[in-house]
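Worksheet: one structure, shown below.
The values are calculated or read from the model by the stated rules, or taken from the named source; none is laboratory data. Keep in mind it's a predicted model, so treat the numbers as computed, not measured. Here the Cβ positions follow ideal geometry from the backbone for every residue, glycine too, while neighbour counts run over all protein chains shown. These accessible areas exclude ligands, DNA and RNA; they are computed on the full protein's heavy atoms, side chains included. Shrake-Rupley method; radii C 1.70, N 1.55, O 1.52, S 1.80 Å.
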Amino acid sequence: MSPAARPVKTAVLPVAGLGTRFLPVTKSVPKEMLPLVDRPCIEYAVAEAVAAGVERVVMVVSRGKEALADYFDRNPLLEQHLEEKGKEEQLALVRSLSDMCDVVTIRQGEALGLGHAVLTARPGVGDQPFAVLLADDVVDAERPAIGQLIDAWEPGRAVVALMEVPRAETRKYGVCAGEWLSPDRMSVSAMVEKPDPADAPSNHAIVGRYVLPPDIFEILRRTPRGRGGEIQLTDALAALAVQGRVTGKVFEGQRFDTGNVLGWLDATLHFARKRPDLAGPLAEIIARHS
Ligand code: G1P
């Protein structure tokens, strides 16, 4: 489906987290502003959503996260400076960021979990299906991962991105079980947030990409605190799964968990090696270090 024809026009980016896995830098820099090469992680998520037809991004932020909205806003002083110096290329680059899409921010006053963050976005979403992208999960794919989910979406249903993980790692993820409708599509009947390997219903983990129906908000409002004392999106989705309304989609693409140092290094090298201007010199640097 072409991006413009896709039915999901709003994406929620929960970016209120404190980034404790990446301290100390995240003490004063939002983790989503850490660069992969020369673009912050958040830009990869916004670009992915826009490439899938999204026109409006709702960022759920917290105190100290102003840099995120600023990045996608106009910067008249910088633009004027670049204009006066005749730096056309950089001017176009800076402007292209504010032209990507509409960005609105909503504050999550308390850190009560991912489910609570999504519920906080409600006034910015309205009564329509919407996408959720967790910016930590960066996916490099030929077709945007969230676009793959939107293409697998049907009215009234939710779609979650699935990836096989080693059983020993299930406690890092939401895990789904159900019936396979095709090699890449599961009709999900059970969902558990971060189960111990012995209790995991399968080794199919949720990656941070979702398409959600608007009635998820009412379900989230009634969802009690779950794992970690937080309101979990997985628990609200489990209520939809019981109604047979959740599709699991195994997506094509390479996923990086940039919320921890090694995953971020992995992603940094991956994207740097794809850059024609950097690949050669980078290979020399790596050789020097090995
Ligand atoms: C969140 C979700 C989890 C999902 C994961 C994907 O967990 O709660 O279900 O598998 O994202 O990255 P978090 O990593 O934010 O703790």
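Scanning the stretch 79-111 for residues that are modelled with pLDDT of 95 or more, open to solvent by less than 40 Å² (accessible area, probe 1.4 Å) and under 26 Å from the mean Cα position of the chain (by Cα) turns up V94, L97, I106, Q108. So, E218, is that one surrounded by fewer than 23 Cβ atoms within 10 Å (Cβ to Cβ) and either in contact with a His (Cβ under 8 Å, 6 or more places away or on another chain) or at pLDDT below 95 (or both) or not? Here the answer is no, as E218 does not meet what is asked. So in the stretch 170-200, with the set limited to residues that are out of contact with any strand residue (DSSP E or B) (no Cβ under 8 Å at 6 or more places or on another chain) and over 16 Å from R227 (Cα atoms), which one is least open to solvent (accessible area, probe 1.4 Å)? If we take residues in the stretch 170-200 being out of contact with any strand residue (DSSP E or B) (no Cβ under 8 Å at 6 or more places or on another chain) and over 16 Å from R227 (Cα atoms), then S182 is least open to solvent (accessible area, probe 1.4 Å). Could you look through the stretch 35-56, keep only residues that are part of a strand (DSSP E or B) and open to solvent by 20 Å² or more (accessible area, probe 1.4 Å), and pick out the one that is nearest to A121 (Cα to Cα)? Result: R56. Being within 26 Å of W153 (Cβ to Cβ), in contact (Cβ under 8 Å) with a residue 60 or more places away in the chain, out of contact with any helix residue (DSSP H, G or I) (no Cβ under 7 Å at 6 or more places or on another chain) and within 16 Å of the ligand (Cβ to nearest atom) is true of A117. None of L269, L278 is out of contact with any Phe, Trp or Tyr (no Cβ under 7 Å at 6 or more places or on another chain), open to solvent by less than 70 Å² (accessible area, probe 1.4 Å) and not in a loop (DSSP other than H, G, I, E, B) except L278. Restricting attention to the stretch 8-24 and to residues that are open to solvent by less than 60 Å² (accessible area, probe 1.4 Å) and more than 16 Å from the ligand (Cβ to nearest atom), the residue that is nearest to A158 (Cα to Cα) turns out to be V8. Residues in the stretch 199-231 that are out of contact with any Lys or Arg (no Cβ under 6 Å at 6 or more places or on another chain), part of a strand (DSSP E or B) and within 12 Å of the ligand (Cβ to nearest atom): 6 in all. What number of residues within the stretch 237-257 are open to solvent by 10 Å² or more (accessible area, probe 1.4 Å) and within 12 Å of the ligand (Cβ to nearest atom)? Summing the residues that are open to solvent by 10 Å² or more (accessible area, probe 1.4 Å) and within 12 Å of the ligand (Cβ to nearest atom) in the stretch 237-257 gives 3. The numbered conditions (1) more than 13 Å from the ligand (Cβ to nearest atom); (2) part of a helix (DSSP H, G or I); (3) within 24 Å of M186 (Cα to Cα); (4) polar (S, T, N, Q) are all true for T234 except (1).
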